[in-house]
Amino acid sequence: MAQRALADAMELMANAMAQEAESRTADRVAQEARRGGEDELRLERFMNNKPPIFKGGYDPDGAQRWIEAIERIF
C-alpha cells in the first residue's frame, strides 16, 4: 500500500514538472515571436531613413562617410 502511494505521488510530481516545462517552453516561444516582430519594426524604421548603400571596393574615405551616415541614422 505504501509503495503504491509513493508511486502515485511520484507520478503526480512528474506530471507537474512536465506541465511546468511545457508552460515555460510556450512562454519562451511567445517571447521570441514578439521579439521577432520588434526586430522587423526596427528594420522597417531603419530602411525608412533610406540608408546609403556601400558599393565596396577600395575607398577608405567613402567607407568612412558611409559609416558616419549609418551612425547618424542610429
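Of all residues in the range 1-31, which are open to solvent by 90 Å² or more (accessible area, probe 1.4 Å) and polar (S, T, N, Q)?
If the condition is that a residue be open to solvent by 90 Å² or more (accessible area, probe 1.4 Å) and polar (S, T, N, Q), then 3, 19, 31 are the ones that fit.
Among the residues of the range 1-44, how many are over 30 Å from residue 73 (Cβ atoms), assigned to a helix (DSSP H, G or I) and not basic (Lys, Arg)? Let's see the steps before the verdict.
First pass over the range 1-44, keeping only residues over 30 Å from residue 73 (Cβ atoms): 1-30.
Subsequent filtering for residues that are assigned to a helix (DSSP H, G or I) retains 2-30.
Filter once more, keeping what is not basic (Lys, Arg): 2-3, 5-23, 25-27, 29-30.
Of the residues in the range 1-44, 26 are over 30 Å from residue 73 (Cβ atoms), assigned to a helix (DSSP H, G or I) and not basic (Lys, Arg).
Taking the condition of being open to solvent by 100 Å² or more (accessible area, probe 1.4 Å) and at pLDDT 90 or above, how many residues in the range 54-71 meet it?
Just the residues of the range 54-71 that are open to solvent by 100 Å² or more (accessible area, probe 1.4 Å), to begin with: 55, 58, 61, 65, 71.
Of the ones still in play, those that are also at pLDDT 90 or above are 58, 61, 65, 71.
Final tally of qualifying residues: 4.
Could you give me the residue pairs with C-beta distances under 6 Å whose first residue belongs to the range 32-51 and is exposed (fewer than 10 other Cβ atoms within 10 Å of the Cβ), whose second residue is polar (S, T, N, Q) wherever it lies, and which are 6+ apart or on separate chains?
No pair meets every condition.
The values are calculated or read from the model by the stated rules, or taken from the named source; none is laboratory data. Remember, it's a predicted structure, so these values are computed and weren't measured experimentally. Heads up, the Cβs are rebuilt from the backbone with ideal geometry, glycines too, and the neighbour counts pull from every protein chain shown. Areas reflect the complete protein model, heavy atoms only, side chains present, ligands, DNA and RNA absent. Shrake-Rupley method; radii C 1.70, N 1.55, O 1.52, S 1.80 Å.
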